[in-house]
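Reviewing the structure listed below.
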Amino acid sequence: MSFKDETVTGYKSYMRNKLYIGAVLVLALTVTIIFSIKVGAANLSVYEILNGLVNSQAAGASIIWNIRIPRILAAIIAGCCMGIEGCIMQNVLRNPLASPYTMGISQGAAFGAAFAIIVLGAGALNSTQADAVIVNNPYLTVFAAFLGAMIGVSIVLLIARVRSVTPEAMILAGVAMSAMFTAGTMFLQYFASDTQVAATVFWTFGDVGRAVWSDVWIMFILLIPALAYFMYHAWDYNSLEIGEETAKGLGVNTDRIRLHGMLISSFTSAVTVAFLGVIGFVGLIAPHIMRRIIGTDHRFLIPTSAILGALILLVSDTVARAILAPIVLPVGIITSFLGAPLFFYIIMKMGR
Amino acid sequence: MVLSVDKVEFSYGKANILKDINFKVKKGDFVSILGVNGSGKSTLMKCINRILKFKEGMIFVEERDVREMKEIEIARKMGYVPQRSETGFITVFDAVLLGRKPYIKWDVSSKDIELTEEILKVMNLEEYALRYINELSGGEMQKVVIARALVQQPRILLLDEPTSDLDLKNQLEVMKLIKEVSCAQNIASIVVMHDINLALRYSDKFIVLKDGQVFTSGGREVITPELIKEAYGVDVHIKTFEGVPLVIPKSQ
């Protein structure tokens with residue numbers, strides 16, 4: 001074998017290793033899915049689960065298909081979205097802190113939901129149990145949350161487009177926007193009744209259990225074209241990674257890539273936050289972990305961040321259901337609880 | 001003519017950075033752009049490949065107006081190496097392969113892989129192929145970014161101070177490589193240089209900028225003590241040693 005071939009074979013086996021890492025992640029996700037179907041208030045045996053999956057008349061079938069599967073799929077799809085959104089935002093804004101949370105999307109959604117519940121009277125507390133709080137008009141709340149999220153980020157992007165500001169300025173504008181929305185939400189809550197305040201607070205506790213089949217489908221139908229778009233532009237993101245000017249020299253329209261990347265990831269993010277509430281940290285942490293493991297090649301980074309996001313969210317939700325059973329915690333609490341120490345660990349272990 | 005620059009003007013807001021820039025470059029030319037800091041050298045480089053959009057004048061690359069070319073077409077004609085490039089957690093092979101970006105649709109082809117491999121060999125980077133670029137020394141990194149520009153298969157290479165962070169050995173090596181490769185592939189190289197002696201050693205054409213204008217241009221003969229005094233404000237001797245002119249600042 002000639003010297004020339006050695007370099008290429010070496011490179012190809014290096015590429016294959018990245019695929020193996022992806023395969024391990026998929027395997028881990030599969031195991032978690034099986035485990036997650038089993039965990040829950042109704043204690044189903046493995047036989048009942050298998051039977052319920054294939055036979056819709058079986059005893060556990062309705063619990064599995066109406067409660068656990070939509071919940072699991074919502075966690076997987078939303079987790080994928082968050083992993084991808086964080087990955088793209090961190091790349092195009094050239095900032096390790098970029099995520100839907102830092103761009104004010106979550107806060108915008110919370111403001112929208114609060115507006116719907118308090119001003120438009122879409123929600124009230126009608127039982128003492130956590131799950132039963134809310135929401136006379138869930139569609140209105142979801143829609144208002146989506147609008148709130150999109151309005152905030154649109155203003156930031158519009159400023160960026162008109163004044164062609166730097167990525168740093170976009171982050172700062174996002175932070176300013178979140179502060180404004182938080183203040184707006186507090187203003188509304190100050191004049192609201194106790195029950196309304198409780199409903200808005202409960203809304204912000206992100207919970208994948210809220211998702212019904214139609215929500216799952218909508219999120220899935222948005223995820224696919226977004227993922228395709230991002231994968232098609234993987235090499236553009238790779239170019240941005242080595243510097244704005246080099247990327248331009250390689251023929252990348254960096255302003256357009258940045259704007260479109262932000263627009264699409266903000267849109268999917270607005271949809272998930274509107275359906276599920278605020279779930280922090282997944283979008284921030286999943287791409288960081290994958291970047292440490294497989295590097296910044298976006299051909300691999302985008303899909304593996306997605307799978308890892310799904311894995312983190314599903315594990316967190318399974319923990320949320322099991323840890324204080326029969327009480328089911330909102331998953332947003334768990335992701336931040338698990339995510340922050342894990343993040344500290346990675347930072348200390350990997351340095352820099 | 002592979003490149004002709006015709007009456008180009010550029011300004012940031014009211015500040016006029018480039019005024020009435022004219023020059024032509026032939027295939028295989030090795031052109032050094034000289035001048036003090038702030039004389040407009042980097043701005044000129046960015047205007048040539050349309051990273052900066054000049055308003056007045058025209059630039060033609062192989063008889064085509066750059067203003068009518070798409071970004072990707074420009075990237076297939078010109079390889080650009082900026083003053084600074086960021087490192088990252090990617091291998092040398094991937095970092096060079098990225099130079100195929102103007103040709104990639106969904107993913108790289110086997111031709112892209114082959115060309116990358118060839119350039120790595122030419123630049124003596126084969127043994128580094130699977131090293132991460134954030135582990136490289138300044139000299140190695142500079143070779144990687146030049147390799148990336150070459151794998152674009154450009155007609156023109158634009159290098160902004162390619163030797164400024166390098167030690168003596170690497171300075172000579174990088175300049176020699178650029179000269180050899182551009183000769184072998186008949187590429188025109190346009191290089192912003194601070195080290196006049198290094199420029200004199202390797203270049204055959206010089207463009208000296210002063211206050212955003214072409215102060216003078218031509219072969220080695222244009223580099224005279226009077227020119228250096230005018231363009232840099234420094235008194236120098238110019239002595240020829242081993243056939244190469246040497247610029248030596250006068251002692252105070």
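Tabulated results
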{"read-out": "Ascending count of other beta-carbon atoms within 10 Å, so fewest first, for A:175, B:61", "value": "A:175, B:61"}
{"read-out": "Quarter of the Cα convex hull surface for the stretch A:131-253, i.e. its orientation-mean projected area (nm²)", "value": "10.2 nm²"}
{"read-out": "Chain A: relative contact order in percent, alpha carbon pairs under 8 Å with at least 6 residues between", "value": "28 percent"}
{"read-out": "Per-residue mean of C-beta atoms belonging to partner chains within 10 Å, peptide B:94-104", "value": "5"}
{"read-out": "Relative contact order %, chain B, counting alpha carbon pairs below 8 Å whose residues are six or more apart", "value": "25 percent"}
{"read-out": "Along each principal axis, Cα extent of the stretch B:21-91, largest first, Å", "value": "40, 32, 28"}
{"read-out": "Pairs of alpha carbons in the stretch A:3-350 whose separation is greater than 33 Å (percent)", "value": "30 percent"}
{"read-out": "Cβ-placed point charges (K, R +1; D, E -1), dipole of the stretch B:3-215 about Cα centre in debye, nearest 20", "value": "680 debye"}
{"read-out": "Chain B - share of DSSP beta bridges that are antiparallel (%, nearest 5)", "value": "60 percent"}
{"read-out": "Kirkwood Rh in Å, taken over the stretch B:3-215 so that all alpha-carbon pairs contribute", "value": "17.6 Å"}
{"read-out": "Peptide-level mean, for A:292-300, of C-beta atoms on other protein chains within 10 Å", "value": "3"}
{"read-out": "Furthest towards positive pole of dipole, B:149, B:181, B:25, structure part the stretch B:3-215, Cβ charges", "value": "B:25"}
{"read-out": "Candidates B:125, B:168, B:200, ranked by Gaussian network fluctuation over chain B, Cα under 10 Å, top entry", "value": "B:168"}
{"read-out": "Options A:345, B:124, B:10, ranked by Cα towards positive dipole end of the protein assembly as shown, top entry (Cβ charges)", "value": "B:10"}
{"read-out": "DSSP beta bridge pairing in the protein assembly as shown, given as percent antiparallel to the nearest 5", "value": "60 percent"}
{"read-out": "Fluctuation leader among B:164, B:182, B:203 - chain B, Gaussian network, Cα springs under 10 angstrom", "value": "B:164"}
{"read-out": "For chain A, built as a Gaussian network whose Cα springs stay under 10 Å, the top-fluctuating residue of A:218, A:334, A:77", "value": "A:218"}
{"read-out": "Calculated [θ] (222 nm, deg cm²/dmol) that DSSP helices of n ≥ 4 give over chain B, each run adding -39,500 (n - 2.57)", "value": "-9500 deg cm²/dmol"}
{"read-out": "Charge dipole magnitude, Cβ of K and R +1, D and E -1 - the stretch A:225-352, Cα centre, debye nearest 20", "value": "240 debye"}
{"read-out": "Fraction in percent of alpha-carbon pairs per bin - 10 Å, the protein assembly as shown", "value": "3, 15, 22, 20, 15, 12, 7, 4, 1, 0"}
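Values quoted throughout were computed directly from the atomic coordinates according to the rules given, and no laboratory measurement underlies them. Because the structure is a prediction, the values reported are computed rather than measured. Heads up, the Cβs are rebuilt from the backbone with ideal geometry, glycines too, and the neighbour counts pull from every protein chain shown.
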